[in-house]
1. Among the residues in the stretch B:327-346, are any within 11 Å of the ligand (Cβ to nearest atom), within 22 Å of B:ASP728 (Cβ to Cβ) and free of Cβ contacts under 8 Å to residues at least 60 places away in the same chain?
2. Restricting attention to the stretch A:43-53, report how many residues are surrounded by 24 or more Cβ atoms within 10 Å (Cβ to Cβ) and within 7 Å of chain B (Cβ to nearest Cβ).
3. Given the criteria in contact with a helix residue (DSSP H, G or I) (Cβ under 9 Å, 6 or more places away or on another chain) and among the small types (Gly, Ala, Ser), does B:GLY68 qualify?
4. Out of the residues in the stretch B:459-470 meeting the condition of being part of a strand (DSSP E or B) and more than 13 Å from the ligand (Cβ to nearest atom), tell me which one is surrounded by the most Cβ atoms within 10 Å (Cβ to Cβ).
5. Pick from A:LEU101, A:LEU56: which is within 7 Å of chain B (Cβ to nearest Cβ) and either buried (at least 23 other Cβ atoms within 10 Å of the Cβ) or not in a helix (DSSP H, G or I) (or both)?
6. For the stretch B:39-51, enumerate the residues that are within 14 Å of another protein chain (Cβ to nearest Cβ) and either touching a residue at least 24 places away in the same chain (Cβ under 8 Å) or closer than 25 Å to B:PRO153 by Cα (or both).
7. Which condition does B:ARG549 not pass, out of (1) among the charged types (D, E, K, R); (2) within 16 Å of the ligand (Cβ to nearest atom); (3) at pLDDT below 95, if it passes all the others?
8. When only residues in the stretch B:175-187 that are out of contact with any Gly (no Cβ under 9 Å at 6 or more places or on another chain) and surrounded by fewer than 17 Cβ atoms within 10 Å (Cβ to Cβ) count, which is nearest to B:ARG124 (Cα to Cα)?
Amino acid sequence: MIDYGHDLLFGAFITPTNSPPMHAVDMAIAADRAGLDLATFQDHPYQPSFHDTWTLLSYAAARTERIRLSGNVLNLPLRDPAVLARSAASLDLLSGGRFELGIGAGGFWDAIEAMGGRRLTPGQSIEALEEAIRIFRGIWATDATGRLVVDGSFYRVNGAKRGPKPAHDIGVWVGAYKPRILRMTGRAADGWLPSLAYLPGGPRDLTAMNAHIDEGATRAGRDPRSIRRLLNISGQFSATGRGLLVGPPEQWVDQLTGIALEYGISGFIVTADDEATIQLFAEVAAGVRRQVAAERG
Amino acid sequence: MSPTRKVTFGLALTPSATHPEHTIAQAQLGERSGFDLVTLLRAPGQVVDGWTLLSWIAGSTERIGLLGQLACLPSEMPTVTAGAAASLDLLSQGRLTLAITSDEPSDDNQHPVEGVEETLDIIRRMWAIGEPGTVRYTGNVHRVDGAQRGPAPAHDVPLLITGDSPELLRLAGEKSDGWLSEINGSSLDRFIAGSTLIGHTAVANGRDPREVPKIVTIRGTFADTRGGFLHGRSADWVDDLLPLIVDHGVTTLLLATEENAVLQQFAEEVAPRLRDAASSLLPAQTRTGRLRKSTAIAQRRSGIRYDDVPDLLVDSAIEPGDFDFPRVKSTYLRGGSPGLVLRTRTVDEVVAALGFAREHPHLPLSIRSGGHGISGRSTNDGGIVINLSLMNRIDVLDEATRRVRIEPGARWMDVAAALQPYGWALTSGDYGGVGVGGLATAGGIGFLGRGHGLTIDHLRAVDMVLADGSRVRASDTENTELFWAVRGAGANFGIVTAFEFEVDEVGDVGWAQLGLDATDTAEFLEKWGHTSEAAPRDTTSFLIMGPPRHGQPALAQLMAMVDSANPDTIIERLQPFANISPLYSQSVQLMPYAAVMANAQGESNGGQGEPVTRSGLLDHITPEFAAAAARLISSGTVYFFQIRAVGGAISDIDADATAYAHRSANFSVVAFGSHRQRLDAAWEELYPFFTGAYLSFETDPRPERLTDAFPPATLARLREVKARLDPDSVFRDNFPISIPTLTEATS
Ligand SMILES: Cc1cc2nc3c(=O)[nH]c(=O)nc-3n(C[C@H](O)[C@H](O)[C@H](O)COP(=O)(O)OP(=O)(O)OC[C@H]3O[C@@H](n4cnc5c(N)ncnc54)[C@H](O)[C@@H]3O)c2cc1C
């Protein structure tokens, strides 16, 4: 049992399909109305059937009222970190503090290189991400004195003006799986955003992964609780239960409550490309909130 | 769309770093005040991200055009920029224009002009989804190494160049869709010099200088006394600005202001006067119409008098070099490369398009509604396509009699969705992407068929344009012979511009998908045939089998609709089907008919080659037929084999009541193969069992197929109508029936 002490967040992982062009926006609006906390989109700029995730986030933010938005996760190798930092702050300002920065080190290197991006080894990509996070925070630190200088091996910022100042403390959430990047997440990020589908051992794998994050945080002199743990999930609502996240909403409630209490997960983001799933997940969210609150006492 | 020559007005806003929401509010005010365009100025040292703001503005406005201004930083990849711009254009429904400029030269940015040119080239290539292969590009600044093309924007996004160095001006003249610059009192001469250089470069590159319109940013003050360029009363502003439009080819003025009062005064007093003055002073040919790019003109096909396209159709016509061409050249199942696609929006336009097509009798002519023709060759090579897809209204005429008027370009999923709120449905087929025009002129074999008949059995009247351009209405009381012919052979007689149907009350339906073992394929088919014929009329099922899968048991996919909202009835109806053989998978849902039809979201018409199919109509699945069909399926010659239950209400109609005459059939059989001769040879074995064919599913071009589709009495009657209404065989893209030698050949 671990509890990192965050309030629970529930969100939708929406396919940023561009056909029909409004589908992803409509789903974000549905999630907003249903009372979910987060609308998130994956980011694969080399995928012709997807929207540009940044443009979609900005457009969808304008069309929603209350819900927070995030990339899940943004593709750092195809985005300039200084531009991204300013864009993030701009969107946070416009949306009244509704933006969170889900970011990844990059994965599909052939496709990234085809687009004109730089191919990095996994190790390099982690270093690059850590440099980028320094740039994000530096650009947002409008109260700091002097212009921003980051002299990294992958990104260099030489005396950039800081700003704009975001409306709230934007969370930097890293999509991560292997020990090294998990430790970096503990050292430098505000949140962790893996997908359950990529954990070969299922939720059980979370224990060891959490430990790497905790270790990274502790070594950097940070409180492990300052890193929120989120989880992308997918499943099926059906009348009869058939395993993890396949079954009726009550079963989802029990299973997610278990994961929250057992592994300290405080954010669940469900794959949802239809309104029915969004509605049902909003019901699940209410149930999990109640049960977790009861258990936490 | 290529640039039009009218004057437009935009708003150029300077984003605030602390209160970007003010900028949004100004953009919205601009939209309300009638501005055509909004852009965000890029100030030195600006920290707010313009693209984010512009995307937000797109989300919080409805109509106003969006001009995005990008500085080419070496660190930003043009491939990603292309995707972002395409997305914004798609999300804003075609409101984007993009201006590119170089950033200040620096250590990191040693080739600023090349950076702009490369960005322009790469963006265009990323958007060219009709071109083969991936994008490869090696420049001084950017390198692209096999990126997938797309997404394409919603419209032909103009790519402007900003800047006044000679290199950029030449680039603008050579390649851009416009030049964005700034004018103040002292820079007019520079503007004129730049504009002249662009014009010369354009001409030297074989372009019309009007392909590079001039967009200028202006700034000024309203005051009671005149004090220089754009300082004074509204009338003084008009005096200052009019020469730019009339003498110097400026097409768009962007007003830079932070003050709402200036914005409003300009919108109310300056813009309208400039518009009026310009329209009376500009030469006529620059006031209306559409300027086609020289690169597009170079791709025209021979034999088409492009310059004579009727005025009505000029704006919506699509030629091979046009941006929209890749989206319209092919259909769902067929690749094509027509020479001209005429998109019609009104009956007048249909008449005009048909008249134009008739002036080209030597060229193929295709009529297209939803683009899902199989037999219907609704695209061609080098010919003309009349595309009715924009005529897609669905209107309820009378609730009491459930009379609905539907235009040909509507899709069946949209029809189903429009009828659902009334508790109505109109049987169509199994796929929501199919268009109304092609299906409702041929038959319409659908999931409600056994209970509700064919789609054409619900048809009460049509509005048509005939070969001679006349407009007629056909029904049981007027033009009755035509009305008879339209219901089964409509494509031969004209262009239906509206259908009137009497639709049925249909509540939620049972919708089942069953995966059944078909190891003994013949036995399975026979049993399914019996079960299907024995089922009450509320139950209609379609059976699909694929090619044999190595080492795996043969599987049949059954899709069945039960026209009942009662779960017990649904289960009772499905049980006999589930009992035919071991069940591998099953899904049964109670849902609206419209939800079953909503199965073609986001599809595109990207067909290639020609579909290879055969069709047959069958009274019963006899053991002999089942055995022959099983042999065909296991031969691997067909990749898709489907039998649909018909009969029931379809058979209640007399054979001579409509041109669709094979009313006795209980089954419609269709096979898709990849090889014409092989499929035709294999089909010979099944052929003797059939009483006829459903023309929509038949692609064998041999003339004797006509006698399969139409029994002798029907064919003779159709020939008479054809000879009377279309003696020149204008309509010949879908089972043309006036091949003169055919009667002799087959009788
Ligand atoms: C995936 C798929 C599923 C199908 N399922 C079914 C089904 O379940 N039941 C069924 O009955 N059919 C079905 N069909 C066949 C379909 O009905 C025909 O192909 C039909 O012609 C498609 O109509 P369309 O308007 O989309 O086609 P288009 O390609 O636009 O037109 C096809 C032909 O119809 C004629 N035509 C089109 N519009 C008009 C008009 N306004 N006036 C006169 N003639 C016109 C033209 O000759 C044209 O060549 C299916 C086809 C496909 C591709």
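1. yes
2. Looking only at that region, the number is 3.
3. yes
4. So, considering only residues that are part of a strand (DSSP E or B) and more than 13 Å from the ligand (Cβ to nearest atom), the one surrounded by the most Cβ atoms within 10 Å (Cβ to Cβ) is B:ALA461.
5. Just one listed residue meets the conditions, A:LEU56.
6. Once the filter is applied, which keeps residues that are within 14 Å of another protein chain (Cβ to nearest Cβ) and either touching a residue at least 24 places away in the same chain (Cβ under 8 Å) or closer than 25 Å to B:PRO153 by Cα (or both), the stretch B:39-51 yields B:LEU40, B:ARG42, B:ALA43, B:GLN46, B:VAL47, B:VAL48, B:ASP49, B:GLY50, B:TRP51.
7. Status for B:ARG549: all satisfied but (2).
8. Filtering first and then ranking leaves B:SER187.
The values are calculated or read from the model by the stated rules, or taken from the named source; none is laboratory data. From a predicted model like this one, the values you see are computed outputs, not experimental measurements. Counting neighbours? That spans all protein chains shown, and the Cβs are built from the backbone with ideal geometry, glycine included.
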